[in-house]
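Colleague: Pasting in a structure now, in structure tokens, and then I'll have a few things to ask.
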Amino acid sequence: MKSNKKVLLINTHLNYPNWSEGVLNDAFHQKAKAFFIEKGFEVLETKVEDGYNADEEVEKHLEADFIILQTPINWFGAPWIYKKYVDEVFNSGLHSAKFLSGDGRTREDATRQYGTGGKMQGKKFMVSSTWNAPKESFDDPNQILFEGKSTADVLIQITSNYRFCGVEIVADYNCFDIFKDGDIVGCLENYPKYLEKVLDI
């Protein structure tokens, strides 16, 4: 059955030949694409490394009900090309006033909070990411590196852009420990079920 809904799938893997060539992140991207097509969604896609037009990306965001970022975690964040993408696309959305109208604060109303000027309410954003870090390194104050922080805490520099524009952030999906003991097959198999549950489709 055809749905009227649309999803934007953004893949921001950066290819490093003979080391990290994006096969796993592409597999998650394709798994999501197949899931949404089966559910009758129109699928919009962007592979950041292949190039994009910022104004066109703004329109894709405005069309989409759901936006999913597929990314590896390189040095505790998305690849640098994603920061470039965000700066260019969100600046376009700011200048055109299509994503937001200011930062939410006004001189007339001191109760208005910073980050409440978004115009993208009703949309949902999710991060799907691949990590070398094991799952056990999160949510545990005894862990030296993350000191009890969650994946959502670490990914806040990604999700805040969307929250700032009024988008609802849904819980991230993560494939951990991909170079040693991670269950990559299980992560891929469970991904559609997770999408169905977290996005309430």
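Colleague: Being outside any loop (DSSP other than H, G, I, E, B) and either touching a strand residue (DSSP E or B) at 6+ places or on another chain (Cβ under 7 Å) or without any contact (Cβ under 8 Å) to a residue 40 or more places away in the chain (or both) narrows it down to one residue among HIS61, HIS13; which is it?
Modeller: Just one listed residue meets the conditions, HIS61.
Colleague: Being out of contact with any helix residue (DSSP H, G or I) (no Cβ under 8 Å at 6 or more places or on another chain) and farther than 21 Å from ASN74 by Cα is the filter here, so list the residues in the stretch 143-184 that pass it.
Modeller: Listed by number, the residues that qualify are ARG163, PHE164, GLY166, VAL167, GLU168.
Colleague: Can you pull out the residues in the stretch 60-104 that are buried (at least 21 other Cβ atoms within 10 Å of the Cβ) and within 13 Å of GLY118 (Cβ to Cβ)?
Modeller: HIS61, GLY93, PHE99
Colleague: Take the stretch 191-201 and flag every residue that is assigned to a helix (DSSP H, G or I) and either surrounded by 14 or more Cβ atoms within 10 Å (Cβ to Cβ) or of a type in the set (A, V, I, L, M, F, W, C) (or both).
Modeller: TYR191, PRO192, TYR194, LEU195, VAL198, listed by residue number.
Colleague: Restricting to the stretch 119-170, what's the tally of residues that are of a type in the set (A, V, I, L, M), within 22 Å of TYR85 (Cβ to Cβ) and part of a loop (DSSP other than H, G, I, E, B)?
Modeller: Qualifying residue count, the stretch 119-170: 4.
Colleague: Among (1) touching a residue at least 24 places away in the same chain (Cβ under 8 Å); (2) under 19 Å from VAL58 (Cβ atoms), which single condition is VAL154 missing?
Modeller: Condition (2) is where VAL154 drops out.
Colleague: Now, a different point. Which residue is nearest to the chain's Cα centre (by Cα), if the candidates are limited to the stretch 44-57 and must be within 13 Å of ILE67 (Cβ to Cβ) and crowded, with 16+ Cβ neighbours inside 10 Å?
Modeller: Once the filter is applied, the top-ranked residue is THR46.
Colleague: Next question. Being part of a helix (DSSP H, G or I), surrounded by 16 or more Cβ atoms within 10 Å (Cβ to Cβ) and more than 15 Å from the chain's Cα centre (by Cα) is the filter here; which residues of the stretch 16-26 pass it?
Modeller: Correct list: LEU24 only.
Colleague: Among what's in the stretch 27-44 and is farther than 17 Å from ASN174 by Cβ, in a helix (DSSP H, G or I) and of a type in the set (D, E, K, R), pick the residue that is modelled with the highest pLDDT.
Modeller: This residue is LYS33.
The values are calculated or read from the model by the stated rules, or taken from the named source; none is laboratory data. Quantities reported herein were computed from a predicted structural model and do not represent experimental measurements. Every residue, glycine among them, receives a Cβ derived from its backbone with ideal geometry; neighbour counts consider all protein chains shown.
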